[in-house]
Amino acid sequence: MNWRRLARALPVLLLAYLPATRAFYLPGVAPHDYRQGERVDLWVNPITPKIDGHGNHLRSVIPYHYYLDHFHFCQPAGGPESKSASLGAILSGDRLYSSPFNLSMMRNATCEVLCKTDAIPKEDAAFIADRIREHYAYNWLIDGLPAAHVKLDEQTHESFYSVGFALGDTVLPSQTDNEAAKEKQLAKLHNHYTIRIQYHTQDSVNYRVVGVLVQPSSKQTVLDKEGKANCNVEEALVLDETADHPGIVYTYDVQWEESDIPWGTRWDSYLHVFDPNIHWFSLINSAVIVLLLTGMVAMILLRALHKDIARYNVDEEQEDIQEDFGWKLVHGDVFRTPPHAMLLSALVGNGTQLLCMACVTLVFAVLGFLSPSNRGALVTMIVTFYMLFGCVAGYVSARLYKMFGGEEWRKSILVTAFLFPGAVFAVYFFVNFFLIGARSSDAVPIGTLAALFALWFLVSTPLTFVPDQSIYLRPFPAMLMGGVLPFGAIFIELYFIMNSIWYHKIYYVFGFLFLVFVLLAFTCSQVTILICYFHLCA
Ligand SMILES: *[C@@H]1O[C@H](CO)[C@@H](O)[C@H](O)[C@H]1NC(C)=O
Ligand SMILES: *[C@@H]1O[C@H](CO)[C@@H](O)[C@H](O)[C@H]1NC(C)=O
């Protein structure tokens with residue numbers, strides 16, 4: 001199926017939006033000019049799992065602190081210093097620390113020794129090997145740019161920079177008598193890094209960093225008596241998980257390459273939109289759902305109104321005493337106070353808050369204010385706007401509650417303030433509790449949790465319902481029904497956002513996201529009309 005062809009065939013309307021879907025950003029930080037030989041800092045971020053694009057599914061979602069004791073990575077003299085980061089950056093997982101790399105502008109280096117670690121106990125070797133088998137990756141930052149590796153988009157044959165680079169690689173064991181060991185892939189640790197830094201000559205004395213690529217490799221390096229290393233070894237450093245390791249030698253090469261990419265566009269090669277067709281597909285998917293729902297709403301309204309009008313006409317001819325029926329009955333019901341007026345007004349208030357936050361954030365994002373250099377800008381913006389729109393939530397829920405004739409308005413405002421954030425925090429702490437546990441021991445895999453949750457949600461809960469109403473009118477199925485359609489409209493784009501949150505990828509198709517968001521809003525309103533109608537009918 002070629003979605004691109006389909007997308008091209010779409011009317012001018014959609015094509016008119018195309019400019020909005022291109023990656024576009026305003027630089028978020030001022031450029032740093034370096035003199036020749038000036039020190040360039042390399043910051044390290046947590047080790048995170050990555051999908052390497054070859055259909056490998058993700059085996060873990062837990063990031064690990066770079067200087068976690070188990071890794072035994074080289075530390076700078078005097079211990080690592082932490083770099084302050086914005087709230088959004090911290091929430092999205094940034095924990096930046098200094099590193100012992102000695103990089104200077106335009107100074108090439110070969111086989112520099114980073115350090116030789118202390119002896120590594122076999123438990124820690126096994127820990128590192130497990131992380132390698134789970135495709136963990138290094139995340140470094142140089143002058144605000146993530147260290148990347150070059151990847152080829154197999155569909156478009158364009159090369160692009162993929163953020164992060166592998167912690168190690170796996171090899172199949174050559175020969176072993178041990179049956180159990182045969183099943184387990186051996187892990188090669190990447191302990192030699194070839195750091196290629198692209199610089200742009202600003203003027204005769206100032207240079208700027210415009211690209212960082214790292215080619216890691218695994219080498220069985222040893223130090224000679226003077227503490228020098230020989231990096232021309234072929235043999236890879238395969239981690240032995242059955243014995244303590246005397247100590248790993250970490251080495252690096254630095255190559256500075258002149259580049260004609262100006263500083264202003266240095267992010268372009270990072271912001272590769274992988275398979276844009278899938279975003280078109282997502283858009284079309286949402287549009288189809290909206291069309292379907294519109295059709296349904298229109299049909300129901302037409303049929304109901306048609307019947308009602310016909311009956312009113314008959315009544316008028318017979319000049320009977322008019323009794324309200326059909327849609328005339330509805331007007332009394334629509335504004336009747338529902339059983340849980342407080343809960344409803346709290347939820348509506350919170351919904352308005354989220355809606356305002358999403359609208360404003362998306363407008364800023366589409367206008368290009370979320371520069372990727374400004375790490376965590378998206379999350380910071382979301383949190384800030386969410387806080388600011390708290391007043392909207394209070395106002396809307398108070399208005400609604402008053403309209404329902406509620407008396408306990410203080411309680412109502414408290415509920416509005418604590419209900420949704422409370423739920424979010426509860427989930428956050430619950431998940432965090434597992435993450436803290438994962439630092440030292442095994443974590444419950446997310447898949448297991450999801451399966452348990454699904455079992456409870458989809459099997460046990462429906463069984464507790466007594467079948468006294470037609471199925472879609474009971475509260476729980478109605479909730480499911482009300483949620484499934486909007487979810488169906490947005491799930492593809494949602495997948496990419498979640499991907500960028502969990503796997504630290506850069507999300508940069510806000511244009512598409514904005515369109516899908518508009519369609520989502522339509523879907524939600526139509527689902528609301530339909531569900532209200534069915535409930536009122538009942
Ligand atoms: C970094 O490298 C330069 C050039 O070789 C050297 O002069 C300097 O002492 C090194 N700095 C550290 C902290 O090792
Ligand atoms: C550094 O190495 C790169 C790649 O090997 C080379 O192109 C460049 O000219 C070197 N720069 C200096 C200052 O030696």
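How large, in percent, is the carbon and sulfur part of the accessible surface of region 42-265 at a probe radius of 1.4 Å?
Working: 5090 of 10660 Å².
For region 42-265, the apolar C and S fraction of the accessible surface comes to 48 percent.
For the pair residue 261 and residue 300, how long in nm is the line joining their label points, each one 7 Å along Cα→Cβ?
So the two model labels end up 5.2 nm from each other.
Would you mind computing, in nm to one decimal, how far apart the modelled labels at residue 226 and residue 185 are, each placed 7 Å from Cα along Cα→Cβ?
4.0
Which pairs, out of 116/188; 83/228; 83/188, put more than 20 Å between their alpha-carbon atoms? List each step's numbers first, then the result.
On the way: 116/188 17 Å; 83/228 31 Å; 83/188 30 Å.
In this structure, 83/228; 83/188 lie more than 20 Å apart at Cα.
Can you tell me the FRET efficiency between residue 337 and residue 534 if r is taken as the Cβ-Cβ distance and R0 is 35 Å, rounded to the nearest 0.05?
On the way: r = 20 Å, r/R0 = 0.57.
Working from the Cβ atoms, E equals 0.95.
Set the Förster distance to 41 Å, then compute FRET efficiency between residue 312 and residue 367 from the Cβ-Cβ distance, nearest 0.05. Don't jump to the answer; show the numbers that get you there.
On the way: r = 51 Å, r/R0 = 1.24.
According to the calculation, E is roughly 0.20.
Ranked from highest to lowest mean number of other Cβ atoms within 10 Å per residue, what is the order of the peptides 381-387, 138-144, 242-248? Intermediate results must be reported in sequence, preceding the final value.
On the way: 381-387: 16.9, 138-144: 21.7, 242-248: 14.6.
Output ranking for 381-387, 138-144, 242-248: 138-144, 381-387, 242-248.
Work out how much length residue 202 to residue 434 would gain on full extension: take 0.36 nm times their residue separation and subtract the Cα-Cα distance, in nm to one decimal.
Values: separation 232, 0.36 × 232 = 83.52 nm, distance 4.81 nm.
That works out to 78.7 nm of additional length.
The values are calculated or read from the model by the stated rules, or taken from the named source; none is laboratory data. For clarity, every value in this text was computed on a predicted model and none was experimentally measured. Note: ideal-geometry Cβ built from the backbone for every residue, glycine included; neighbour counts use all protein chains shown. Just the protein is used for accessible areas: all its heavy atoms, side chains included, with ligands, DNA and RNA removed. Shrake-Rupley method; radii C 1.70, N 1.55, O 1.52, S 1.80 Å.
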